[in-house]
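See below for the structure under consideration.
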Amino acid sequence: MPNLYDALIGTAGKQVILRVNSKPTDAGARDVTVVPTDNEAPLYYLAWVQKNIDEVSKKTGGEVGYMHIPDMGRPGLNEFTKLYFPQIRKKALIVDVRGNGGGFVSPLVIERLRRALVMVGIARNGVPRPDPNDTFLGPMVTLINEFSASDGDIFPYRFKTLGLGKLIGKRTWAAWLAFAIHFRWPMAGNSSNRNSRSIRKTARNGSLRATVSIRTSWWTTTQGKNSGEKTSNSIGQSRKSRPS
């Protein structure tokens, strides 16, 4: 067979028996059952994470743990759970959120990471155990880059603000950083209906902290409207003027 992969066409998700050997003969060969996948990306990702874990362990004599959180949704929370608890007795921990696609579970991850030791308990003829259980006792750092987005952008902010450790890498792309700017957002169409909403965000950029309240209006241009006519929306409106 010129191409081994031709025999695997149409077998994704199905059991396939392969005969393997260290040499191209039946003598000494053995049969193994595999289930081919239609997407190799998770396998490449798993290999990349495991390579990082092995590299960190090798460089630190097994004393420092590593985990990567790919997003802040269910898959990311599963990865965190799978990698965090087996390494909870390491002396230090690297939390990698580079390329994190965001989601909504960063508060859950942060609450687990910031769990503080209250006391140490020991039963008769037992061993000392931290209380609460599953508390990480060593220093931590977080790796970030410009592809950490949305809740993956908020996570390092929480991590740094709560004093859990240092951030290492490139500045995230600040998807949740609110700027007090003048919006002009014309949209094509022939209706002049407007609808508004209120947005309230807390911005922090280095030592700069500000809470800005933005009332953003969207509108559509109408046929025959002077293209040079200026339109605007209100920024920093009072609570009374905000729509419900």
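Please treat every number below as a calculation from the coordinates, not as lab data. Since the model is a prediction, treat every value here as computed from it, not as a measurement. Backbone-built Cβ (ideal geometry, glycine too); neighbour counts: all protein chains shown.
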Cα→Cβ-extended label distance, 7 Å offset, between residue 129 and residue 25, nm: 5.7
Lys, Arg +1 and Asp, Glu -1 on Cβ, resulting dipole of the stretch 41-169 about Cα centre, debye, nearest 20: 460
Radius 12 Å from Cβ of residue 18, net charge of other residues (Lys, Arg +1; Asp, Glu -1): +1
Prolate/oblate/rounded label for the stretch 1-117 (Cα gyration tensor, a/c 1.5): prolate
Cα coordinate range in the stretch 41-169, projected on the principal axes (Å, largest first): 50, 31, 25
Segments 137-150, 1-14 sorted - mean Cβ within 10 Å per residue, highest first: 137-150, 1-14
Contour minus Cα-Cα distance for residue 115 and residue 14 (0.36 nm per residue): 32.0 nm
